[in-house]
Amino acid sequence: MSLNSAPTIADPYHFSAGRSPLLISIPHAGTRLTPEVASGLSDDALPLSDTDWHIPQLYAFAQSLGANILVGQYSRFVIDLNRPADDQPLYTTATTGLFPDTLFDGRPTFKADGQPDAATRQRYLDEIWQPYHQKIESELARMKQEFGYALLFDAHSIASVIPRLFDGQLPDLNIGTNSGASCAPELSDMLDALCKQQSTFSHVLNGRFKGGYITRAYGQPQANQHAVQLELAQCNYMDEFEPYPYIEDKAVVLQGVLKPMLEGMISWGAKVYGR
């Protein structure tokens, strides 16, 4: 590396190995910033409000189920791991891109002329986005080699009210299967049925959030590779106002629904594939 070249970005993700054919992907919980992004963020963006706060903590119980857990370490304001590398829009309605220039509410992410240049953003694509997706691909391939199939659960959260993105208050549990294309219908039916068995949280299947790039790219049920996204309304496990504290009492109640969903996915796979 020459003296004038930028340093390599270290540790773009954290991975915890499990013993089951289930991979939990958590792409938006990261809060690390590169120097270029940190210096360019607008005052409105500095609190990192669009982070999927506390999702690794909320799903920590999944280790006891044998889940493999992959967590992105960098903020989506550096690069969004759940957008395609070519930055093609995933939704016809308002959204944010691979390199978000606006917050979810429409305010600018960066100060005037504060965005990283094209070469810097290409480096983020090469050194943050690519390693995360290479890890997803390698883990799915490994699980299919060992078990004959792979299950991917893409875990997200978002503020419960964002008028620019959706009307009113978001349902508590938003299951996305790319309109049924990313997993077997029996799997999504099972998850939908589990949500219907409880009355504490509202839920919807393939509503506003049908699944981002990860769900769409890796959900290949015809190849025994099933992907599901779950977008949670943050009001059910944390305070949605800065400094966004985790609320343990609320989280425990929500985990009472999340755990059966993950257990159900693992049991479904074992029943269908016989292992």
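Structural descriptor for the stretch 149-241: relative contact order 46 percent, calculated from alpha carbon pairs under 8 angstrom and at least 6 residues apart.
How high is the relative contact order of the stretch 11-271? Use alpha-carbon pairs under 8 Å, at least six apart in sequence, and give a whole percent.
Values: 509 pairs, mean separation 56.4, N = 261.
Relative CO of the stretch 11-271 lands at 22 percent.
How many percent of Cα pairs in the stretch 128-235 exceed 24 Å? Present the calculation step by step, with values, prior to reporting the outcome.
Details: 1649 of 5778 pairs.
Cα-Cα pairs in the stretch 128-235 separated by more than 24 Å: 29 percent.
When only Cα pairs under 8 Å and 6 or more residues apart are kept, what is the percent relative contact order across the stretch 1-89?
Values: 114 pairs, mean separation 43.6, N = 89.
Relative contact order, the stretch 1-89: 49 percent.
In the chain, which whole DSSP H runs stretch at least 24 Å along their own axis (Cα) and average 0.0 or higher on the Kyte-Doolittle scale? Don't skip to the answer; put the middle values down first.
On the way: long enough: 130-147 (25 Å, -1.41); 248-273 (37 Å, 0.33).
Those that clear 24 Å and a mean of 0.0 are 248-273.
Please give the peptides 215-226, 39-50, 145-156 ranked by average Cβ packing (other Cβ atoms within 10 Å per residue), highest first, as a rough proxy for protection. Can you show the working numbers first?
Working: 215-226: 19.2, 39-50: 16.2, 145-156: 21.3.
My ranking of the peptides, most packed first, is 145-156, 215-226, 39-50.
Considering the stretch 96-186, its Cα convex hull presents a mean projected area of 8.6 nm².
Counting every Cα pair in the stretch 11-271, what percent are over 26 Å apart? Percent of Cα pairs beyond 26 Å in the stretch 11-271: 37.
Distances between placed amide hydrogens fall under 5 Å for Q220 paired with Q225, H226, A227, all partners being 5 or more residues away or on another chain.
Carbon and sulfur together cover what percent of the accessible area of the chain at a 1.4 Å probe radius? For the chain, the apolar C and S fraction of the accessible surface comes to 51 percent. Across q = 0.19, 0.26 Å⁻¹, the stretch 195-275 modelled as identical point scatterers on its alpha-carbon atoms has Debye log10 I(q)/I(0) values of -1.04, -1.29, in the order of the q list. Taking all protein chains into account, the per residue accessible area for the chain stands at 43 Å² (1.4 Å probe). Sequence gap of 8 or more, or different chains, plus Cα separation below 22 Å: how many lysine pairs satisfy both in the chain? Lysine pairs, 8 or more places apart or on different chains, close enough: 9.
More than 13 Å apart: what percent of Cα pairs in the stretch 105-157 qualify? Counting every Cα pair in the stretch 105-157, those more than 13 Å apart make up 73 percent. Karplus-based coupling profile of the stretch 219-225, in residue order and whole Hz: x, 9, x, 5, 9, 6, 10, with θ = phi - 60° in 6.51 cos²θ - 1.76 cosθ + 1.60 and x standing for Gly or Pro.
For the stretch 1-89, the extents of the C-alpha atoms along the principal axes are 44, 36, 26 Å, listed from largest to smallest. Annotation: the antiparallel percentage among DSSP beta bridges lying fully within the chain is about 35.
Return the inverse of the average 1/r over all pairs of distinct C-alpha atoms in the stretch 135-188, which is the Kirkwood hydrodynamic radius, in Å to one decimal.
Details: mean 1/r = 0.0722 Å⁻¹.
Evaluated on the stretch 135-188, it is 13.8 Å.
The values are calculated or read from the model by the stated rules, or taken from the named source; none is laboratory data. Computed from a prediction, not measured in an experiment: that's the story for all the values here. Heads up, the Cβs are rebuilt from the backbone with ideal geometry, glycines too, and the neighbour counts pull from every protein chain shown. Note: accessible area is taken over every heavy atom of the protein model, side chains too, but ligands, DNA and RNA are not part of it. Shrake-Rupley method; radii C 1.70, N 1.55, O 1.52, S 1.80 Å.
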